[in-house]
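Novice: Encoded as structure tokens, here's the structure I'll be asking about.
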Amino acid sequence: MIQLNNVSKTYQTDKVETLALRGIDLHIREDEFVCIMGPSGCGKSTLLNLIGLLDQPGGGSIHVGGAAVTSYRDKHVARLRNATFGFIFQSFHLINDLRVIDNVELPLLYRSVAAGERRAMARAALEKVGLGARMEHYPNQLSGGQQQRVAIARAIVGRPRVLLADEPTGNLDSKMGGEIMDLLLQLNREGTTVVMVTHDERAAQRVNRIVRVFDGQLVA
Amino acid sequence: MFRHYLLTACKVFLRRKLFTAINLLCIVLTLVILLVVTALLENAFYPTGVEGKSPRMLQVMMIEAHTADGNSTSRTPLGYKAIAQYLKPLKNAERVSAVTIPETVSVYQEGRVSELMMRHADADYWKILAFTVLAGRLPTPDDDAQGRPVAVLNAASAARLFPGIATGAVVGRTVSVGGQPLQIIGVVDNALQLNAYADIWAPISSLPSSNYRSQMTGMFTALLLAHSPADLPRLKREVEQVAATVQLDDPRQWPIVRLWADSKLDLFARMLLQRDGSDGGGATLLAGVAALMLLFMLLPALNLVNLNMGRILERSAEIGVRKAFGATSLQLVGQLVLENVLLCLAGGALGLLCAKGVLLWLEGSGLIPYLHVELDLAVFGYGLLITLVFGLMSGVIPAWKMSRLDPVHALKGVA
């Protein structure tokens, strides 16, 4: 599904060069649930951003669905992101000015989907995460757990092949975190590939593969 | 998509009330000033109403004389003799009129003294300008020839001199202008335009003294009506050629004489810019006004760019999310510019309303006598154009800058 070959990433700040990742070889198969773990600052989120094409590697190559990502030109990469990935962020990143239903519709706006169909798909996604009754609410009227469910609904509404979650339970208490984890496992069982960055060992024990990162490198 | 952008824009404007208010105030103030100035300029220079024949009209206002060594120059208004002898016979003119520059006169009426602006004009004046006659008639060549002591009032002066009397009933009454009795033969509508502005008019031949007939310089302006607008350059050249033959009363002292036939805009520019030569400088003046207007617009636009940059920076996480879910830079620019254009259009609508209010106030206040300005479709069009330029100028730069952000940086709020 996703193949990273000898991928590296360097950040340049003023005159300081920081090597965030080096020599990353990683293959994520279809239907896998992969947890990326490691200490803070080791490069987990950078790796997730590279997988999701939110950032450009400094070296190496990335293949998505068997095809090499050769161009990071705006239009090309935007289309690829929209069709392939759904993102879940630790701090939810919902748009507070929009209602829950409008937030969930967001990925469909950038496809040629008719308004009526868009609304129906968003409603179905919200019902799937158990928030069918909160469609007209605004994000700040919901609890943290509910907001993360909205974020998950937004991530799955376009039926992406891969869900990328960056510490999705990091801002939630253990009960709500557990519920979110259940939801991600259910989505994985239904055929969605999930890649998740987490610090939570308990959550990681529930998935079928753990990838550990240390000092910008994968460790066994 | 458009509905979504619209919804987002409305929510953002309502959430950032202070920003929205400052933005609107900035746009409204600028637009009001620009629209009011445009409307007044259009009223002064656009050929409508009483000066509807402006496109084929020129005026000669000053006679310019130079000493032989070129060290001294004299500029004075024309005398009647200069017009009668040199300008009336112009071949390229359909009509040439002599009319005095408005002067303040005291009118005695039923024990009251009123100060009015008066012109003395020949019969051609009434043929060149298209006054709206409310009652009675306009002076004729026969009135000129006979030197009849008659006068025409405008509506405001008729109401002022004869309060409570219907306009029609004013005709036939007599007023005393500086001790000279003049019979009112007509009442015309009020007019503000350059050549039409006055409260009371009388034939030149009714002037108490006939000295004016022998004066080369004095208090007159000549209005020249060409057969068609295409004849204006020929008419201008003919005036310049005729000027070479003009002899003033003391030709030894002032051997070089020049006359310039100008359009209204050129005449205004010539006086303002102190121009010599056949080009009065109307085009230069217009270019200067346009440049000033642009500069005037540039300052609030720069301010808006700054404000917008701050507003959009606050939304960098939203921009990151949109990019993560498939928005292209172009789509984001479209969204952010649309928000700006919407705000500017709202400001434009408010600005138009306020400009209308200011013009109504100006009309009612009497600061500019006989002002009657309409915010017509052309002015509305200028307003809309100015507003759109504003929206684009202040929206494109910040929108483009923000749309180029990497999604990772945008999500972290690092712009």
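Novice: Just to be sure I understand the model, the point goes 7 Å from the Cα along the line to the Cβ. What's the resulting B:A349 to A:Q205 distance in nm?
Specialist: 6.2 nm
Novice: Grab the beta carbon distance between B:S74 and B:D142, set R0 = 45 Å, and tell me the FRET efficiency rounded to 0.05.
Specialist: That gives a FRET efficiency of 0.75.
Novice: When you take every Cα atom in chain B, what is the radius of gyration, and what is Dmax, the widest Cα pair distance, in Å?
Specialist: Considering chain B through its Cα atoms, Rg and Dmax are 29.1, 92 Å.
Novice: How large is the dipole of region B:76-231 about the Cα centre if only Lys and Arg carry +1 and Asp and Glu carry -1, each at its Cβ, rounded to the nearest 20 debye?
Specialist: For this selection, approximately 160 debye.
Novice: Do any residues of region A:73-90 lose at least 10 Å² of accessible area when the full set of protein chains is present rather than just their chain alone, and if so which, with a 1.4 Å probe?
Specialist: A:D74, A:K75, A:A78, A:R81, A:N82, A:F87, A:F89
Novice: Using a 1.4 angstrom probe on heavy atoms only, work out the carbon and sulfur share of the accessible area of region B:62-261 in %.
Specialist: With neighbouring chains kept in place, the figure for region B:62-261 is 50 percent.
Novice: Could you give me the percent of Cα pairs per 10 Å distance bin for region A:1-59, shortest bin first, beginning at zero and ending with the bin that holds the maximum distance?
Specialist: Histogramming region A:1-59 at 10 Å steps yields 21, 54, 21, 4, 0 percent.
Novice: Still on this structure, please answer the following. With no solvent and one equal point scatterer per Cα, compute the Debye intensity ratio I(q)/I(0) for region B:185-329 at 0.17 Å⁻¹ and report its log10, rounded to two decimals.
Specialist: Taken in order of the listed q values, log10 I(q)/I(0) reads -1.21.
Novice: Sum -39500 (n - 2.57) across every DSSP H segment of at least 4 residues in chain A, then divide by the residue count to get the 222 nm mean residue ellipticity, nearest 500.
Specialist: Dividing the helical sum by the residues of chain A leaves -10500 deg cm²/dmol.
Novice: What do you get for chymotrypsin sites (Phe, Trp or Tyr not before Pro) in region A:1-72 restricted to DSSP loop and a cutoff of at most 15 other Cβ within 10 Å of the site's Cβ?
Specialist: Here the chymotrypsin sites (Phe, Trp or Tyr not before Pro) that fit, given the DSSP loop and packing criteria, are A:Y72.
Novice: Suppose each label sits 7 Å from its Cα in the direction of the beta carbon; what would the B:L7-B:Q253 distance come out to in nanometres?
Specialist: Each label point lies 7 Å from its Cα, and together they span 8.5 nm.
Novice: As a check on your grasp of the helix formula, calculate [θ] at 222 nm for chain B: sum -39500 (n - 2.57) over DSSP H runs of n ≥ 4, divide by the residue count, round to the nearest 500.
Specialist: Calculated mean residue ellipticity at 222 nm is -16000 deg cm²/dmol.
Novice: What FRET efficiency comes out for the pair A:A115/B:L294, r = Cβ-Cβ distance, R0 = 45 Å, nearest 0.05?
Specialist: For A:A115 and B:L294, the calculated efficiency is 0.65.
Novice: Find the accessible area per residue for the protein assembly as shown; the probe is 1.4 Å, ligands and nucleic acids are left out, and the unit is Å².
Specialist: 44 Å²
Novice: Here's another thing I want to ask about it. Note down the magnitude of the dipole of chain A about its Cα centre, charges +1 on Lys and Arg C-beta and -1 on Asp and Glu C-beta and zero elsewhere, to the nearest 20 debye.
Specialist: Dipole of chain A, to the nearest 20 debye: 460 debye.
Novice: When only alpha-carbon atoms count, how far does region B:62-261 stretch along each of its three principal axes, as whole angstroms with the largest first?
Specialist: Each principal axis gives a Cα extent; for region B:62-261 these are 60, 36, 29 Å.
Novice: What number results when the radius of gyration of the protein assembly as shown, computed over Cα atoms, is divided by 2.2 N^0.38 Å?
Specialist: Here the Cα radius of gyration is 1.55 times the empirical estimate.
Novice: Could you tell me the center-to-center distance, by alpha carbons, between region B:123-151 and region A:101-167 in angstrom?
Specialist: Centre-to-centre (Cα) distance: 81 Å.
Novice: Additional query: Taking the Cβ-Cβ separation of B:A130 and A:V16 as r and a Förster radius of 56 Å, what is the calculated FRET efficiency to the nearest 0.05?
Specialist: Using R0 = 56 Å, I get an efficiency of 0.10.
Novice: Which order, highest average first, do B:155-163, B:288-296 follow once you tally other Cβ atoms within 10 Å for each residue and take the mean per peptide?
Specialist: B:155-163, B:288-296
Novice: Oh, and also: Which one, A:D74, A:D173, A:D25, has the greatest fluctuation when you compute a Gaussian network model over chain A with C-alpha springs under 10 angstrom?
Specialist: A:D74
Novice: Additional query: How many percent of the alpha carbon pairs in chain A exceed a separation of 31 Å?
Specialist: Everything past 31 Å amounts to 20 percent.
Novice: Over all alpha-carbon pairs of region B:90-136, lay out the pair-distance distribution in 10 Å bins, whole %, shortest bin first.
Specialist: Final binned percentages: 21, 36, 30, 10, 3.
Novice: Roughly how much accessible area, to the nearest 100 Å², goes out of reach of solvent when B and A pair up, both sides summed, probe 1.4 Å?
Specialist: Its buried surface, counting both partners, is about 2400 Å².
The values are calculated or read from the model by the stated rules, or taken from the named source; none is laboratory data. Since the model is a prediction, treat every value here as computed from it, not as a measurement. A quick note on method: Cβ atoms are made from the backbone with ideal geometry, for glycine too, and the neighbour counts reach across all protein chains shown. What goes into the accessible areas is simple: the full protein's heavy atoms, side chains included, and nothing from ligands, DNA or RNA. Shrake-Rupley method; radii C 1.70, N 1.55, O 1.52, S 1.80 Å.
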